[in-house]
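A.B. asks: Got a structure here, written out as structure tokens. Questions coming.
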Number of protein chains: 2
Amino acid sequence: MTDLYSSRCEAQPHLLPRHDPVVYGEWTPDAPLTRAQMEQFDSQGFLILPGVFDKDEVASLQAEVGNLLADPAALDDRTTITEPGSDEIRSIFEIHRQNDLMARLAADERLAGVARLLLDDDVYVHQSRLNYKPGYQGKEFFWHSDFETWHVEDGMPRMRALSASVLLAANTDHNGPLMLMPGSHRNFLACVGETPDDHYLVSLKKQEYGVPDETSLAELAEAHGIVAAVGEPGTVVLFDCNMMHGSNGNITPYPRANAFIVYNALSNRLTTPYGAKAPRPSFIAARDAEPVRIRKGRLA
Amino acid sequence: MTDLYSSRCEAQPHLLPRHDPVVYGEWTPDAPLTRAQMEQFDSQGFLILPGVFDKDEVASLQAEVGNLLADPAALDDRTTITEPGSDEIRSIFEIHRQNDLMARLAADERLAGVARLLLDDDVYVHQSRLNYKPGYQGKEFFWHSDFETWHVEDGMPRMRALSASVLLAANTDHNGPLMLMPGSHRNFLACVGETPDDHYLVSLKKQEYGVPDETSLAELAEAHGIVAAVGEPGTVVLFDCNMMHGSNGNITPYPRANAFIVYNALSNRLTTPYGAKAPRPSFIAARDAEPVRIRKGRLA
């Protein structure tokens, strides 16, 4: 069978058409998004939704983040990723299985219910993590499409997944916010090169394979522009699995923090990786595909 | 005699009052700035002036930058500074002595005339440089006050100097623009530690001494906020010598380029460094103090 999204196989990059829908569900008057929001997600590939979580909920989540960062020994140590050249924690993976409040967050209707609407299927958490970009020394994260990695290294068959980032600190233009190229999700950028074994051990700190080339990035930026996903704590940023995104470093005193949950359609569960010998560990890419039981109401 | 701006001498940082005026000159109806602009420079420490140089002038300057970057062998090789870990040029110093158009720019009434008004003295070029932050891989420049370095390492006696940055590429919120803390110029942050010999050889790439501490930076940011000096090519950003400023890295495809000229009051010419054994070379900090002969009209 032909791999529609083959990548890291050739010496030249290619910009290929997307073969999958972006929005799978139909809008109804009861939907948790407006019709215009669904259309925007379809055409632009992202939504910025301010004030989804209220002040008290944000305070609870922030306190929990403080606890997690203060006691990394309580976590599965494979799941904590430090900054390049430092011991400072940059990400904690699988937070929805290591912390009750994060589990509740991942099941929240305002995230999982919206994912179910857009993907028109039961959803499961493909990956969850807490991202923490410290002040003063936060490093950049280069442009990439998550789907490229999830397809090649994890075996995600098609584009039927999305990410929800819950902002837990103010993300401003100055502290290295997520940058998106709106509309870039409608093409697939096949990257050059091969994937080495155990790539994930270094790629979570600094990507060296599956990296978009500069010429293609310049074309995408010219065609689509660049938007920063800024907002106050409690804002939710949703974006398609194939969105080209990245972030600059952060010399400001203001850390950037978010809880990040990737929902995949149950029908799109992982299979054999399309470009790596062995799949990455399940704390990075869940292979058990347990459907989220959606929870209504405010966070406890 | 007591050094009012002693720095790098103690184990603890100190935030000291500024003992010098910011604006030395008086506004008159013939002044090249409005009264409000002079007041803003006084209170905020900076001015962003769009459209100072027109499209044709910008095109000439950009072409000259292309020539300079394309043929570094034609330059005094001490004056070209590369990115950390790469051969890509980050800065070219002393451009006003290595290139006729840059010499004309440094003498332009729209820069030097404004500097003379604000500093109320004949002015000379203390330092000039072309800054080029490449796309994709541009590195951050950590927070600092230029005056701290110019005083300690070069022997600039008092705060009576300012910088003019002529934007030669669009500086947006996304491509690592200059960030300023408005009002921070009214305090002097005495940094900790000592200055090693030949510090400039590494500090132009990555500052390790005379670096503001994180606690003081957080206080300054809370008190003053952070503003990005964004604008189209041809914009001029003027800022006081003691402004706390820095910039994030740049992963976008869009390089950031500017011509940067520091004007010092003739009466404030350099003396013995206040904290280093030997002054830095003259291509970084001019010791001959030749007054600018101000030129009117458009760039040739």
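The values are calculated or read from the model by the stated rules, or taken from the named source; none is laboratory data. Nothing here was measured: the structure is a model prediction, and the numbers come from that model. As a convention, Cβ positions derive from the backbone with ideal geometry for all residues, glycine included, and neighbour counts pool all protein chains shown.
A.B. asks: Check whether at least one residue in the range A:218-233 is under 26 Å from B:Phe141 (Cα atoms), buried (at least 24 other Cβ atoms within 10 Å of the Cβ), of a type outside the set (Ser, Thr, Tyr) and within 14 Å of another protein chain (Cβ to nearest Cβ), and report yes or no.
C.D. replies: No, that holds for no residue.
A.B. asks: Take B:Gly210 and tell me if it is more than 20 Å from B:Val58 (Cβ to Cβ) and surrounded by 20 or more Cβ atoms within 10 Å (Cβ to Cβ).
C.D. replies: For B:Gly210, the condition - more than 20 Å from B:Val58 (Cβ to Cβ) and surrounded by 20 or more Cβ atoms within 10 Å (Cβ to Cβ) - is met.
For every residue, the table says whether it meets (1) of a type in the set (A, V, I, L, M); (2) out of contact with any helix residue (DSSP H, G or I) (no Cβ under 7 Å at 6 or more places or on another chain).
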| position | (1), (2) |
| --- | --- |
| A:Ala11 | yes, yes |
| A:Leu16 | yes, yes |
| A:Gln44 | no, yes |
| A:Pro50 | no, yes |
| A:Ala70 | yes, yes |
| A:Phe93 | no, no |
| A:Met102 | yes, no |
| A:Val123 | yes, no |
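A.B. asks: Which one is modelled with the lowest pLDDT among residues in the range A:173-220 that are of a type in the set (S, T, N, Q) and assigned to a loop (DSSP other than H, G, I, E, B)?
C.D. replies: Applying the filter and picking the extreme gives A:Gln207.
A.B. asks: Here's a follow-up. Within the range A:136-170, track down each residue that is within 14 Å of another protein chain (Cβ to nearest Cβ), modelled with pLDDT of 95 or more and surrounded by 24 or more Cβ atoms within 10 Å (Cβ to Cβ).
C.D. replies: Across the range A:136-170, the qualifying residue is only A:Trp143.
A.B. asks: Please determine whether any residue of the range A:71-93 is part of a helix (DSSP H, G or I), touching a Ser or Thr at 6+ places or on another chain (Cβ under 7 Å) and not basic (Lys, Arg).
C.D. replies: For the range A:71-93, residues part of a helix (DSSP H, G or I), touching a Ser or Thr at 6+ places or on another chain (Cβ under 7 Å) and not basic (Lys, Arg): present.
A.B. asks: Restricting attention to the range B:221-268, report how many residues are aliphatic (A, V, I, L, M), closer than 11 Å to B:Ser165 by Cβ and at pLDDT 95 or above.
C.D. replies: 7
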